[in-house]
Every structure is written in structure tokens, then in C-alpha cells.
């Protein structure tokens, strides 16, 4: 019995087609986005690179926003 079967029993059939597809591919060692072999637990090389780039962009924005918040606190605007 695979994880997919356990999931079906836990959710009592309330699992979407997309999630079934993802679990089935994950069990077989395939990318959850396409039918290529996964290089890590979830994605093939193409999709891993795609999502890695997105993660880096988000991390950069978060770091930049934190820096700007600290910078704004240090610099007080003089008003006349």
C-alpha cells in the first residue's frame, strides 16, 4: 500500500485530481509538474531551476525590505 492509498483513506475521498497526480508522480520518482525523472524529491531539472529562480527573487525582496525598514528607522526626516 502506497502513500496515495493512505491519503485516500485519511481524506475519505476528498482529494483532488491534481493532488492524486502529484502524489502518484512523487511515489514513482517523477516530477510533480511533468513526466520527467525528478532530480530531488519533487521536481525535474527544468522545474527545479524555474522554482529556484523564483525563490531567490523572493528572498532578495524580503532581504531588501528588511534593509529598507532598518535604514528608514536610522534616518530621521527633518521637517521645517
Simple label model, 7 Å out from Cα along Cβ direction - residue 39 to residue 67, nm: 2.8
So if R0 is 35 Å, what FRET efficiency would residue 17 and residue 55 give, r being the distance between their Cβ atoms, rounded to the nearest 0.05? 0.85
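A short reminder: the numbers here are calculations on the coordinates, not readings from a lab. Nothing here was measured: the structure is a model prediction, and the numbers come from that model. Counting neighbours? That spans all protein chains shown, and the Cβs are built from the backbone with ideal geometry, glycine included.
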